[in-house]
1. Within the set of pairs 6 or more residues apart or between chains, which connect a residue that is of a type in the set (Lys, Arg) inside the range 88-116 to a residue that is at pLDDT below 95 and assigned to a loop (DSSP other than H, G, I, E, B) with Cβ atoms less than 8 Å apart?
2. Only one of Arg71, Arg4 is within 26 Å of Leu219 (Cα to Cα), modelled with pLDDT of 90 or more and under 25 Å from the mean Cα position of the chain (by Cα); which?
3. I need the helices (runs of 4 or more DSSP H) fully contained in the range 125-228, keeping only those with at least 3 residues that are in the same structural domain as Val95 (by TED's automatic domain parsing) and modelled with pLDDT of 70 or more.
4. Evaluate the range 55-68: report whether one residue or more is without any contact (Cβ under 8 Å) to a residue 60 or more places away in the chain and under 30 Å from Leu139 (Cα atoms).
5. Does Ser75 count as surrounded by 11 or more Cβ atoms within 10 Å (Cβ to Cβ), touching a strand residue (DSSP E or B) at 6+ places or on another chain (Cβ under 6 Å) and hydroxyl-bearing (Ser, Thr, Tyr)?
Amino acid sequence: MLRRAGFAEACSDLPALAGRVAAGAYAMLLDDDGDLLRGPALLAFARRHGLPAVSISGLIHHRLLTESALRRTHSTELATPFGRFTVHAYHDAPVDALHLALVLGQPDPQRPVLTRVQAVEMQRDVLGFGTPAVPAWNLERSLARIGAEGCGVLVLLDERESPQQRLDRLAAPAATAPAPAFAQRALGVGAQILRDVGAHKLRLLSHPVPYRAVTGFDLEVTEFVPPG
């Protein structure tokens, strides 16, 4: 769950936390009208049938307190056209990846901070591919916006693209290219890094998108800042 906050991951993590085989099954519960049980209704069902209940955000919070898949390995200063950033490198042991956090200023955990979390994409961040009809935050635009703000965090995730993924992005216009499945898959990694650098209340450089169980990482998205 520290990499992807989903039901399937919770199913395998729960027995693993109990020292059992990391395997499980999950099902959706419906009410008498055929609607999905959620929130208070789901908790009421659990109480009525004597079932223990725990939230995904609660499991994430527990794991963050007792373990970590990331380790900060290096910090240095980086002068850019947009300001002098502190760069922190994080080793992601389970997948042997190296993620970076570029921090400008000193984030205050009690105040919203401008934030961007993204996987590195060659076409977008190096070549600048895109269309005027589909504005997007790339590496340069994000750094410029954070620089203008005077404080912020940019997290670059080492989500390695396959040759086929790069070809697909070249072949598909930006307006029709499928959105990357990054948001949920890498939420946990980016959240741990943001937490480590002191960013808890986030003004996220992004179009509005749902983030599951973000509260489990002690994070709060206070605002989405779309590209303009």
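The values are calculated or read from the model by the stated rules, or taken from the named source; none is laboratory data. Everything numeric here is computed off the predicted structure, so don't read it as measured data. When we count neighbours, we look across all protein chains shown, and the Cβ atoms used for this are built from the backbone with ideal geometry, even at glycine.
1. That search, which allows pairs on different chains as well, returns Arg116/Trp137; Arg116/Ser206.
2. Testing whether each residue is within 26 Å of Leu219 (Cα to Cα), modelled with pLDDT of 90 or more and under 25 Å from the mean Cα position of the chain (by Cα) leaves just Arg71.
3. Qualifying helices (runs of 4 or more DSSP H): 139-149, 163-171, 187-196.
4. Within the range 55-68, not a single residue is without any contact (Cβ under 8 Å) to a residue 60 or more places away in the chain and under 30 Å from Leu139 (Cα atoms).
5. yes
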